[in-house]
Amino acid sequence: MADIMLIAPEMIIGITGLVVLIAGLFMGASSKNALGYLATLGCIAALALVLSSFGTEGTLLAGALSIDALSQFFKLVFLSVSLLVCIASVKYTEGNDNAEIFYTLVLFGTLGMMFVASANDLITLYVAFELASLSTYALAGFEKKNARSVEAAMKYILIGALSSALLLLGISFVYGATATTSIPGIAANIDVLLNNPIGILALVLLIAGFGFKIALVPFHMWAPDTYQGAPSVVSALLAAGSKKMGIIAAFKVFIVALIALQADWRIAFAVLAVITMSYGNIVALSQTSVKRMLAYSSLAQAGYISMAFVVLTPMALTGGILYTMAHGFMKGGAFIAVGAVVYMVMQRNKDSEVPDHLDSFRGLGKTMPITAFCMMVFLFSLAGIPPTAGFVSKFVLFSSTIESGLVWLAVIAILNSAISLYYYARVVKYMYFMPSEEERFSEPVPYLAALIIALVGVLAIGLWPEPFINMAMQAAEVLLPL
């Protein structure tokens with residue numbers, strides 16, 4: 001019984017998802033807002049359990065699941081993002097007859113992400129990946145009458161299927177050589193893959209598969225269209241949550257299972273990190289759709305986090321892990337802010353083809369002041385301006401890169417951060433320095449609640465970083481014991 005309690009947060013999310021789905025069958029569209037509050041309560045309860053048991057260790061299902069500081073840290077990230085999405089979606093799903101399906105998919109997607117964080121076996125990891133992926137595919141196309149949403153879902157499904165096939169093929173080669181799918185077991189039998197063509201082939205397939213999941217260039221082609229076409233609250237879940245699932249899985253596979261092959265995959269990640277951060281920032285400069293700009297910005301952020309694979313020191317991993325939490329709050333909050341603006345535009349002009357265009361942000365400081373302020377903080381945090389979560393996480397990651405002797409990589413990352421400040425500041429310019437003839441708009445309370453929670457997260461990490469750094473350090477020690 002004590003062992004089962006290790007996955008009590010997952011049980012709460014799974015049960016909440018089922019309750020929401022069944023309850024929705026007996027409710028009318030006008031009363032389904034209650035389902036959003038129920039999903040929110042489930043996320044809060046699971047978050048409280050993870051926080052209260054942080055640092056607890058144990059295994060389940062013959063070692064297929066491992067509960068430790070690393071898995072718990074990422075569960076905090078996934079549940080925090082899911083909480084933001086569920087709160088904001090109370091307004092998004094208002095009057096929607098399929099609200100129970102939406103919340104169930106969000107919760108089951110989160111459940112899959114949480115199991116990925118705990119997976120200690122490649123098959124368990126793959127199955128959990130698919131649970132999360134199938135849920136998010138459906139969420140991306142939730143607006144069935146919106147051509148952009150359907151297109152986003154189709155591109156996401158096709159590329160997701162390809163990446164899953166590559167991952168499964170890579171796993172099969174690893175299993176064929178080592179005769180095990182256990183992550184610690186692979187590490188113990190890694191000699192079979194050393195200096196072996198099968199090992200190199202497996203490495204290439206796994207890097208490509210995870211490259212798609214994390215959206216590293218050149219495996220990123222699905223991300224901009226999917227993030228732009230999907231509902232804004234779903235884009236928040238994809239960029240701030242689903243992408244982190246790929247990162248924790250890559251941490252486990254490469255740093256734990258395939259650490260003996262690090263000479264090969266560290267070079268690959270160095271190239272991918274530089275290309276991804278540079279391409280993402282440069283292309284974001286020319287975007288007029290704020291969601292598309294945030295999508296390319298998300299590529300750049302993935303490039304920064306990938307530096308942890310290259311530096312591979314405890315402090316660099318601490319920085320990369322902390323960055324995932326910071327990114328969850330700032331990117332999730334930014335997409336939810338865009339969702340609030342899109343809601344305003346649709347209320348005032350239902351024929352707008354691109355409701356997230358930069359022009360929609362003109363004078364936002366006067367028409368939606370709280371949303372505009374939160375958006376400004378999120379954007380400056382993404383650029384690494386103090387005192388925000390983005391600054392603290394970049395400082396830890398970049399300084400550890402310099403300390404390890406990879407000054408060239410840190411310089412490239414710093415230059416890219418400087419470039420990103422231009423397109424983030426452009427949005428701020430539109431919000432506060434561009435005139436608007438629109439009148440003050442009543443900001444939806446659910447969006448505001450989600451934005452304020454994200455704002456608190458961003459400022460808490462920026463102003464009081466010690467507890468968050470300590471938690472990230474405990475998580476990093478699971479990967480590279482001191």
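Since every read-out is calculated from the coordinates, none of them should be taken as a lab result. This is a predicted model, so every value here is computed, not measured. Don't worry about glycine lacking a Cβ; one is built from the backbone with ideal geometry, like all the others, and counts go over all protein chains shown.
In region 1-102, which GluC sites (Glu not before Pro) fall in coil by DSSP and have 13 or fewer other Cβ atoms within 10 Å?
In loop regions of region 1-102 (DSSP not H, G, I, E or B), the sparsely surrounded GluC sites (Glu not before Pro) are GLU57.
Around GLU151, with a cut-off of 15 angstrom between Cβ atoms, what is the net charge of the other residues, counting Lys and Arg +1 and Asp and Glu -1?
Charge balance in the 15 Å sphere: +3.
For region 187-192, take each phi angle, set θ = phi - 60°, evaluate the Karplus expression 6.51 cos²θ - 1.76 cosθ + 1.60, and give the result in whole Hz per residue in order, putting x for glycine and proline.
4, 6, 10, 5, 4, 5
To the nearest 20 debye, what is the magnitude of the charge dipole of region 4-479 about its Cα centre, counting +1 on the Cβ of each Lys and Arg and -1 on the Cβ of each Asp and Glu?
It works out to roughly 640 debye.
Cα axis of helix 369-383 to longest principal axis of the chain: angle in degrees, 0 to 90, nearest 10?
Orientation of helix 369-383: about 30 degrees from the principal axis.
For region 338-461, report the convex hull volume of the alpha-carbon atoms normalised per residue, in Å³, without decimals.
Output value, Cα hull per residue: 102 Å³.
Just how far, in whole angstrom, is region 179-198 from region 91-127 if you go by their alpha carbon centroids?
Taking the Cα centre of each part, region 91-127 and region 179-198 sit 31 Å apart.
Over region 4-479, what is the relative contact order in percent, taking alpha-carbon pairs closer than 8 angstrom and at least six residues apart?
Rounded, it is 16 percent for region 4-479.
Could you line up ILE87, ILE15, ILE207 from fewest to most neighbouring Cβ atoms inside 10 Å?
Fewest-to-most Cβ neighbours within 10 Å comes out as ILE15, ILE207, ILE87.
Scan region 275-362 for trypsin sites (Lys or Arg not before Pro) in coil per DSSP, keeping those whose Cβ has at most 10 other Cβ atoms within 10 Å, and list them by number.
For trypsin sites (Lys or Arg not before Pro) across region 275-362 that sit outside H, G, I, E and B with at most 10 neighbouring Cβ atoms in 10 Å, the list reads LYS350.
Taking amide hydrogens as modeled 1.01 Å from N in the peptide plane, which residues meet the under 5 Å criterion relative to ASP121, leaving out close sequence neighbours?
When sequence neighbours closer than 5 places are left aside, the close amide H contacts are ILE183.
Compute the length gained on full extension between ASP191 and MET5: take 0.36 nm times their separation in residues and subtract their Cα-Cα distance, giving the result in nm to one decimal.
63.3 nm
Working from Cα positions, state the angle (0 to 90°, nearest 10) between the long axis of helix 314-348 and the longest principal axis of the chain.
20 degrees
Between ASP264 and SER31, what is the FRET efficiency for a Förster distance of 45 Å, r being their Cβ-Cβ separation, to the nearest 0.05?
0.20
With only alpha-carbon atoms counted, please give the Rg and Dmax of the chain, in Å.
So, for the chain, Rg and Dmax equal 21.1, 69 Å respectively.
Tell me, VAL85, VAL342, VAL407, VAL233 in order of fewest to most beta-carbon neighbours within 10 Å?
VAL407, VAL342, VAL233, VAL85
List the trypsin sites (Lys or Arg not before Pro) in region 79-162 that DSSP assigns to loop (not H, G, I, E or B) and whose Cβ has at most 14 other Cβ atoms within 10 Å. Which are they?
Answer by residue number: LYS144, LYS145.
Return the sequence-ordered ³J(HN,Hα) values of region 294-305 in whole Hz as given by the Karplus equation 6.51 cos²θ - 1.76 cosθ + 1.60 applied to θ = phi - 60°, using x for Gly and Pro.
Coupling constants for region 294-305: 5, 5, 5, 4, 5, 4, 4, 4, 4, x, 4, 4 Hz.
Between LEU168 and ILE15, what's the calculated FRET efficiency when r is the beta-carbon distance and R0 is 35 Å? Round to 0.05.
Efficiency for this residue pair is about 0.75.
Relative to the first principal axis of the alpha-carbon coordinates of the chain, what is the inclination of helix 445-463, with its axis defined by its Cα atoms, in degrees from 0 to 90 and to the nearest 10?
Helix 445-463 sits at roughly 50 degrees to that axis.
Going toward the positive end of the dipole of region 335-482, with +1 on Lys and Arg Cβ and -1 on Asp and Glu Cβ, which of SER393, ILE452, MET434 do you reach last?
About the Cα centre, the residue reaching furthest to the positive side is MET434.
Would you pull out the residues with amide H under 5 Å of ILE385's amide H, same chain only if 5 or more places away, H placed 1.01 Å from N?
Amide H neighbours of ILE385: PHE391.
Can you give me the C-alpha center-to-center distance between region 429-462 and region 328-379, rounded to a whole angstrom?
The distance from the Cα centre of region 429-462 to that of region 328-379 comes to 8 Å.
In the structure displayed, which of LYS244/LYS394; LYS32/LYS75; LYS32/LYS366; LYS75/LYS145; LYS155/LYS394 lie more than 25 Å apart, Cα to Cα?
Checking Cα-Cα distances, LYS32/LYS75; LYS32/LYS366; LYS75/LYS145; LYS155/LYS394 exceed 25 Å.
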